[in-house]
Every structure is written in C-alpha cells, then in structure tokens.
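Undergrad: Once you've had a glance at the structure underneath, I'll fire off some questions.
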Amino acid sequence: MSNPKVFISYSWAVQEQVIELANRLISDGIDVVIDVYDLKDGQDKYVFMEQSVNDESIQKVLMICDKTYCDKANNRNGGVGDEIVIISPEIYGNVKQEKFIPIVFERDEEGKEYLPQFIKSRIYIDLSPENE
C-alpha cells in the first residue's frame, strides 16, 4: 500500500510555515505535492495546479487559510485565485466531498478564522497560533 498523498494550496505570505508543515508531513510518511518541491523551471504553473487538484492519486488538498489566501481566494487574484477557480467547482459540485480540507493558519484581531467564502461552511483544522 502506498503512502497517503496530499497537495498543499497556500499563499506565499506563509510559505516558510507551510514548508515546515510539508516537511513534518513528509517525515510522517505522507507524500506531499507542493510547488516549491514539485514545480520545476519551465513547467506551466496552471497545468501543475490543475493536475494537482484533479489527480486521483492525491487523496487530500490542504487549503492553508491565512488573510492573504482568503483575500486572494475571495477576489480570485494571483495563483491562489487560479487554484480556487479549479477547486470551487469540485466543492460546489460534490456536497459530500472530503478531499478539500481548509486549514486555518491565521485569525483576525477578533479571533475569527480567515476562510474564503466558498468554504466557510466546511469543517476545518485549526493550526492558528491562537489555537496552540
């Protein structure tokens, strides 16, 4: 049996923390697909994102939600916005989906989690510093 495989969707604003998370997952035996390790010079970043989201061998897509990710997702800006265009039909089209997991990395000054509109109703994992 092969190791579980995940794709990590995130904003570069928290890249250092996301790489730490990716390394922990890898050390725990999880195959991680992430741009900094898997997207090579000369490759098409849009094809990489689409293949990663739609790859049937990837069991989970971890959506790392911080303020930047939330803003870009809601406004469909940058790489995050491009990934959301690919991800959101999967979530809207399959109410029972469990492939896409929101992970809260940051909360606002009132303690409210940053979650893009299209996943606010989903159960999330809280890895925000306020939850430590």
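Undergrad: Out of the total accessible area of the range 1-65 (probe 1.4 Å, heavy atoms of protein only), what percent is carbon and sulfur? Intermediate values should be presented prior to the final figure.
TA: Working: 1900 of 3870 Å².
Of the solvent-accessible surface of the range 1-65, carbon and sulfur hold 49 percent.
Undergrad: Expressed as cubic angstrom per residue, what is the convex hull volume of the alpha carbon set of the range 1-82? Intermediate results must be reported in sequence, preceding the final value.
TA: Details: hull volume 7.8 nm³, N = 82.
Cα convex hull per residue, to the nearest whole number: 95 Å³.
Undergrad: Per residue, how much accessible area does the chain show when a 1.4 Å probe rolls over the protein heavy atoms, in square angstrom?
TA: Spelled out: the 1.4 Å probe surface of the chain, per residue, equals 59 Å².
Undergrad: A further question on this structure: Divide by every residue of the chain the summed helix terms, -39500 (n - 2.57) for each DSSP H run of at least 4, and state the resulting mean residue ellipticity at 222 nm, rounded to the nearest 500 deg cm²/dmol.
TA: About -11500 deg cm²/dmol.
Undergrad: So in the chain, what percent of DSSP beta bridges are antiparallel if you round to the nearest 5?
TA: 5 percent
Undergrad: Here's a follow-up. May I ask you to compute the full-extension gain from TYR124 to GLN43, defined as 0.36 nm times their residue separation minus their alpha-carbon distance, rounded to one decimal in nm?
TA: Contour length minus the Cα-Cα distance gives 26.0 nm.
The values are calculated or read from the model by the stated rules, or taken from the named source; none is laboratory data. What you are looking at is a predicted structure, and each value in this text was computed from that prediction instead of being measured. Heavy atoms of the whole protein, side chains included, go into the accessibility calculation; ligands, DNA and RNA do not. Shrake-Rupley method; radii C 1.70, N 1.55, O 1.52, S 1.80 Å.
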